[in-house]
Amino acid sequence: QQQVKQSPQSLIVQKGGISIINCAYENTAFDYFPWYQQFPGKGPALLIAIRPDVSEKKEGRFTISFNKSAKQFSLHIMDSQPGDSATYFCAASLADIPTFGRGTSLIVHP
Amino acid sequence: DAGITQSPRHKVTETGTPVTLRCHQTENHRYMYWYRQDPGHGLRLIHYSYGVKDTDKGEVSDGYSVSRSKTEDFLLTLESATSSQTSVYFCAISGSSGGLSSYNEQFFGPGTRLTVL
């Protein structure tokens, strides 16, 4: 059973556009929702994270929207740049143990 | 970058041979994790440790064992490697202090690419 479902699997966006990646979770006990960014040949790195008592968090061009009742959260990348081309993973964590989504490969065309 | 290294970075081995991967941290973080990453599957937790000699199984622990005799080192062992264990393995650390244990960033190592022939 996949506890964290991520979509889409791949995404192509033009430079300057908005990239949106969605995740849905099952376990209402999850209490920490991070997004990680991974470039080829590198380990994932934390991009932004949110706690369930907050509906939105923004850091620069990156925003997490969190809908607790729907058990969904999403990553929005505003003004997408070619340098944002990477794989993005959402995760839901409980007691320091995260469950990851399967990842979204984002390509931003110049 | 967080002080976390993995060795070896690449390894090719044959089916049935034992393999040990090492994760070393200089951050004195309490938690250490081993993941495998495969196309279409994302990151899947193999084992984790919440202190010296304290370990627990993750989602895909069959065929793997771990040991943590020191805070800074977390070893992953494949007792008898199989082709299905061909993957990229990532170690991660986090610095839980207990009270706010769910709100800690994980820092990942550079990964080990393992090929089992």
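Here are the numbers for the structure shown:
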{"item": "Matching residues, region A:84-100, being small (G, A, S) and either more than 7 Å from chain B (Cβ to nearest Cβ) or closer than 12 Å to A:Q38 by Cβ (or both)", "result": "A:S85, A:A86, A:A91, A:A92"}
{"item": "Among the residues listed as B:Y64, B:Y35, the single one being in contact with a helix residue (DSSP H, G or I) (Cβ under 9 Å, 6 or more places away or on another chain), open to solvent by less than 50 Å² (accessible area, probe 1.4 Å) and among the aromatic types (F, W, Y)", "result": "B:Y64"}
{"item": "Qualifying positions in region A:34-69 - surrounded by fewer than 18 Cβ atoms within 10 Å (Cβ to Cβ), within 11 Å of another protein chain (Cβ to nearest Cβ) and among the aromatic types (F, W, Y)", "result": "none"}
{"item": "Looking only at region B:18-52, and only at residues there that are over 17 Å from A:V4 (Cβ atoms) and of a type in the set (K, R), the one that is modelled with the highest pLDDT", "result": "B:R22"}
{"item": "Single residue of B:T5, B:T55 found to be open to solvent by 40 Å² or more (accessible area, probe 1.4 Å), under 30 Å from A:Q6 (Cβ atoms), in a strand (DSSP E or B) and free of Cβ contacts under 8 Å to residues at least 24 places away in the same chain", "result": "B:T55"}
{"item": "Residues within region A:87-110 that are modelled with pLDDT of 95 or more and at positive phi, tallied", "result": "1"}
{"item": "Residue in region B:103-112 that is more than 9 Å from chain A (Cβ to nearest Cβ) and over 22 Å from A:A29 (Cβ atoms) present", "result": "yes"}
{"item": "Count of region A:9-32 residues which are part of a strand (DSSP E or B) and modelled with pLDDT under 95", "result": "1"}
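The values are calculated or read from the model by the stated rules, or taken from the named source; none is laboratory data. Just so it is clear, the structure is predicted and the values come from calculations on it, not from any experiment. Methodologically, a virtual Cβ is constructed for each residue, glycine included, from the backbone with ideal geometry; neighbour enumeration extends over all protein chains shown. Please note that ligands, DNA and RNA were not included when accessible areas were found on the heavy atoms of the full protein model with its side chains. Shrake-Rupley method; radii C 1.70, N 1.55, O 1.52, S 1.80 Å.
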